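The values are calculated or read from the model by the stated rules, or taken from the named source; none is laboratory data. Not measured: the values here are computed from a predicted model. Neighbour counts run over all protein chains shown; Cβ positions are idealised from the backbone, glycine included.
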Amino acid sequence: MARSAAWGLGLATLALAGAALADPAPDEDASMGVPSIDAGAYRISGETIFTPAGAPVTLFHFFAIGPDCEAAPAAVTLSEAPEHGHIAFSEGAQPPVAGQQPMWAAGDPRAHCADRLVATRDATYVPDPAFAGHDRLVVTFREGEASFSDAIDVNVIKFKPPRPGAKRKTHGPAADTSYPGDD
């Protein structure tokens with residue numbers, strides 16, 4: 001079933017979008033010129049996010065848009081909650097780009113959307129206050145009858161504060177900061 005909207009997903013504020021593939025998906029409906037949703041093309045499994053203990057981290061900016069750059073109906077739900085924190089969903093706006101490259105090649109009806117903000121559904125992970133370690137959650141993305149789920153691993157790192165009076169370790173040779181004539 002062909003869709004008029006494209007899905008995009010940015011993890012940790014980096015855009016990734018299966019629908020933005022330059023080459024057509026195998027199940028593309030040529031009459032519509034828009035790929036239908038193929039979960040394999042949209043999977044982000046293996047994605048690991050790192051954050052300092054006690055600090056929230058943005059997991060993704062998700063969007064579904066049509067050729068008019070307007071939001072298409074889509075749902076984002078938490079399928080498996082993290083054990084050591086919680087997820088906050090919010091509405092946002094981001095340009096549909098991956099890095100600094102447009103999500104769609106010229107000729108795609110959504111290519112002109114790269115120069116504007118599009119509506120996003122965002123997720124932020126907030127670790128429990130004293131937690132440090134590995135956590136995992138699963139999010140499901142759905143547009144009409146099509147859907148896919150992805151696991152997101154979060155590594156919460158506790159940094160040890162330096163001891164008072166301790167010398168800071170440096171790596172490599174120290175730079176010579178003296179100036180000619182200094183003695």
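Any chance the range 85-93 includes a residue that's buried (at least 18 other Cβ atoms within 10 Å of the Cβ), part of a loop (DSSP other than H, G, I, E, B) and either of a type outside the set (Gly, Ala, Ser) or modelled with pLDDT of 85 or more (or both)? Checking the range 85-93: not a single residue is buried (at least 18 other Cβ atoms within 10 Å of the Cβ), part of a loop (DSSP other than H, G, I, E, B) and either of a type outside the set (Gly, Ala, Ser) or modelled with pLDDT of 85 or more (or both).
Any residue in the range 69-79 that is in contact with a strand residue (DSSP E or B) (Cβ under 9 Å, 6 or more places away or on another chain), modelled with pLDDT under 85 and not in a loop (DSSP other than H, G, I, E, B)? For the range 69-79, residues in contact with a strand residue (DSSP E or B) (Cβ under 9 Å, 6 or more places away or on another chain), modelled with pLDDT under 85 and not in a loop (DSSP other than H, G, I, E, B): absent. Considering the range 30-68, the residues that are at pLDDT 85 or above and of a type in the set (Val, Ile, Thr) include one that is farthest from Ala151 (Cα to Cα), namely Ile65.
Cβ-Cβ contacts under 6 Å between residues 6 or more apart (or on different chains), taken from a first residue in the range 77-104 that is under 24 Å from Ala151 (Cβ atoms) to a second residue that is of a type in the set (S, T, N, Q) and part of a loop (DSSP other than H, G, I, E, B), are absent.
Asp128 satisfies every condition listed in (1) surrounded by 14 or more Cβ atoms within 10 Å (Cβ to Cβ); (2) in contact with a Ser or Thr (Cβ under 6 Å, 6 or more places away or on another chain); (3) closer than 24 Å to Thr51 by Cβ except (2).
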